[in-house]
């Protein structure tokens with residue numbers, strides 16, 4: 001079943017059926033002020049932190065019909081009939097109510113028509129350059145048009161349900177305190193919620209805070225600040241008594257649950273449109289009064305929306321592709337790219353699934369997230385990359401959780417009780433700092449900023465000192481070599497990428513072994529570029545020795561093991577009854593360069609035979625049902641779910657990279673299509689998640705709900721799938737001194753085009769594949785001249801360039 005379509009020109013997903021299987025959401029704002037909104041206007045807002053800065057409520061794991069949100073109730077004052085601009089919560093019948101939701105890049109527009117009244121609400125947070133500035137507000141720009149032939153007398157009611165505490169968990173459960181610290185007050189088109197208003201700042205904690213909802217461009221005739229008074233007894237969001245009666249009631253919250261309800265009267269002549277704005281934010285009457293004045297002019301909201309679209313579309317226009325597959329184009333050009341920026345911005349901090357409890361950046365998550373936007377905004381990527389390098393400890397490891405308040409050179413570590421208490425992380429993980437190597441490498445190749453290797457960056461802990469970026473990378477390698485097993489392979493420590501796989505402190509992780517093998521190659525190349533022959537030689541020797549150990553202990557005829565426990569038990573052996581073949585071990589063997597040629601084809605064939613399904617490649621098979629704790633913690637999940645032989649979406653990007661590196665274009669694209677949410681736009685009732693963004697995992701054929709996707713938006717899948725598409729299938733490979741295009745595509749693609757901005761130069765690339773090749777470039781033309789080799793030197797590029805790639 002299809003609930004909407006892609007508007008590629010406007011870069012929007014258009015929902016035409018509002019009864020989606022789950023709330024289909026969008027993100028608004030920046031870390032200064034963030035908001036999540038569903039296609040029926042449900043969701044929540046927060047300032048600076050999804051965990052501790054909540055402004056309005058959202059109840060997790062609730063039925064779709066019982067969710068608070070940003071509602072606009074509209075009442076016909078002559079007939080008493082009422083509805084909401086969004087289909088929910090009043091839910092008028094579809095034969096009378098026409099609804100359309102357009103999710104765009106950091107804005108959402110919900111439009112409906114009922115009984116000759118067309119209403120349209122644009123929800124957005126003004127652009128703030130992605131920094132923590134003072135942009136602590138969101139706008140609901142409302143347009144109401146009379147499409148009939150008689151004058152209409154209407155009332156409009158806003159609805160926002162304030163939290164009583166910024167910490168969402170305490171707001172919902174600590175009721176003996178939270179219900180008695182709040183009151184509302186109204187003045188001059190503004191309703192304000194006061195919290196702990198008799199207190200001041202104390203010990204760095206903010207007390208005496210205020211939130212507001214204001215109306216600009218229309219007059220408020222009545223208001224309500226008390227939730228129970230607004231709804232009446234035994235009613236819900238779909239039938240509030242105040243709207244039914246046509247009077248907000250004027251009641252204010254004194255204790256209890258505070259809401260922002262502002263009622264206005266609207267007379268609309270035939271063909272006429274009335275426009276006004278609600279402004280929601282943090283601040284007192286004085287702060288809100290400024291916005292009431294500013295947004296009284298309808299041009300302000302229109303200007304801000306244009307700025308917002310231009311900002312995001314400008315970033316996304318740094319790479320635009322046109323291939324024979326529309327679903328691929330939608331993902332690469334808009335939705336996967338936009339999701340990469342959202343994940344880059346919010347890590348795993350706030351969604352309709354993630355509640356915001358993790359008040360910080362996961363090291364491995366964030367360093368990988370950076371990779372997804374490097375080709376679109378390398379400067380933004382660099383800023384966060386430097387931040388993450390400053391969260392690396394002088395022993396080479398990364399802090400498992402980097403606090404939002406991170407202060408480089410002054411942090412504690414998992415070796416300190418204070419860090420363990422604050423973050424819940426008690427040990428080092430084996431993979432964290434190794435993700436720096438591909439991320440730093442991609443940044444330098446995209447930007448050309450080779451001096452970055454010489455930048456000095458402070459280490460995280462107190463008295464940790466500082467070092468160049470190259471020194472940080474060398475320390476990361478040293479950490480792995482300082483934590484080796486007696487087999488000459490890196491130890492799994494607390495965990496590698498898969499937190500459910502625990503091999504013991506001195507168990508072997510093949511994933512980390514391949515990461516280290518890959519990192520040593522990257523480091524050797526960087527050292528060579530910097531003329532540090534001693535470091536280059538050291539890395540080459542270490543890589544050779546590591547490769548020999550990998551072959552001795554981890555290699556089987558048609559696969560690599562996934563791990564060896566401290567007790568010597570092999571995980572992922574052909575002899576194993578459970579979990580005998582693992583996806584990531586084979587993918588990373590090829591990505592790292594350890595497996596090549598015939599053996600690479602053999603292990604990739606084993607994956608295809610044993611793990612491939614029509615909805616993606618399973619993480620391993622068969623699932624764990626008997627062997628479990630303490631090694632295989634994924635046994636806690638049902639078979640086919642999450643890490644227990646589910647289709648873990650992040651890993652799909654890696655197998656696409658591996659197949660592309662091996663030259664298997666047909667298979668790489670098959671895997672891409674299986675994982676592409678856009679490819680399931682007509683199967684929404686099965687997939688359930690938004691058809692425009694990736695989820696964390698898909699239930700595999702071990703589940704009775706094979707193909708159902710789960711945990712939307714904030715997932716490392718965004719970056720790995722982007723890299724699988726851009727570097728793997730499209731074959732875009734920036735070099736220190738230029739750029740190379742080496743596509744790996746389906747044999748039935750006869751061509752494609754790529755428009756890319758590369759270090760300020762415009763590249764118009766045409767790939768010509770008349771012979772139906774999957775991989776391999778015969779020759780390259782730059783501005784009409786045939787080049788020697790396939791790398792296009794940067795110094796030969798002009799401002800605008802025409803490039804032809806002949807396969």
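The values are calculated or read from the model by the stated rules, or taken from the named source; none is laboratory data. All values derive from a computational prediction rather than experimental measurement. Please note: Cβ atoms are built from the backbone with ideal geometry, for glycine as well, and neighbour counts cover all protein chains shown.
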*Members of the range 73-95 that are within 21 Å of residue 151 (Cβ to Cβ) and in contact (Cβ under 8 Å) with a residue 12 or more places away in the chain*: 73, 74, 75, 76, 77, 78, 80, 81, 82, 83, 85
*Among the residues of the range 188-210, is there at least one that is within 19 Å of residue 89 (Cα to Cα) and assigned to a loop (DSSP other than H, G, I, E, B)?*
no
*Would you tally the residues in the range 666-685 being touching a strand residue (DSSP E or B) at 6+ places or on another chain (Cβ under 9 Å) and not in a helix (DSSP H, G or I)?*
1
*Any chance you could count how many residues in the range 602-642 are more than 23 Å from the chain's Cα centre (by Cα), buried (at least 18 other Cβ atoms within 10 Å of the Cβ) and assigned to a loop (DSSP other than H, G, I, E, B)?*
6
*Output the residues belonging to the range 349-373 that are in contact with a helix residue (DSSP H, G or I) (Cβ under 8 Å, 6 or more places away or on another chain), modelled with pLDDT of 90 or more and under 20 Å from residue 106 (Cβ atoms).*
369, 370, 372, 373
*Being over 13 Å from residue 517 (Cα atoms) and crowded, with 24+ Cβ neighbours inside 10 Å is the filter here, so list the residues in the range 586-600 that pass it.*
586, 587
*Of all residues in the range 741-756 being assigned to a strand (DSSP E or B) and within 28 Å of the chain's Cα centre (by Cα), the one that is surrounded by the fewest Cβ atoms within 10 Å (Cβ to Cβ)*: 753
*Based on what the data block shows, is residue 440 modelled with pLDDT of 95 or more and under 30 Å from residue 641 (Cβ atoms)?*
no
*Might you let me know whether the range 712-723 holds any residue that is modelled with pLDDT of 95 or more, within 30 Å of residue 599 (Cα to Cα), over 18 Å from the mean Cα position of the chain (by Cα) and crowded, with 24+ Cβ neighbours inside 10 Å?*
no
_Which of the helices (runs of 4 or more DSSP H) found entirely inside the range 252-358 contain at least 3 residues meeting this: within 30 Å of residue 179 (Cβ to Cβ)?_
285-294
*Please tell me if residue 220 is assigned by TED's automatic domain parsing to the domain that holds residue 265 and touching a strand residue (DSSP E or B) at 6+ places or on another chain (Cβ under 9 Å).*
yes
*May I ask you to list the residues in the range 643-653 that are surrounded by 24 or more Cβ atoms within 10 Å (Cβ to Cβ) and touching a helix residue (DSSP H, G or I) at 6+ places or on another chain (Cβ under 7 Å)?*
644, 649, 651, 652, 653
*Applying the selection to the range 543-581, what residues are touching a residue at least 60 places away in the same chain (Cβ under 8 Å), more than 12 Å from residue 514 (Cα to Cα) and touching a strand residue (DSSP E or B) at 6+ places or on another chain (Cβ under 8 Å)?*
553, 564, 565, 571, 572, 579
*Within the bounds of the range 677-685, is there any residue that is surrounded by 24 or more Cβ atoms within 10 Å (Cβ to Cβ), in contact with a helix residue (DSSP H, G or I) (Cβ under 9 Å, 6 or more places away or on another chain) and closer than 25 Å to residue 345 by Cα?*
yes
*Among the candidates 172, 229, which residue alone is part of a helix (DSSP H, G or I), within 33 Å of the chain's Cα centre (by Cα) and either in contact (Cβ under 8 Å) with a residue 24 or more places away in the chain or more than 18 Å from residue 279 (Cα to Cα) (or both)?*
172
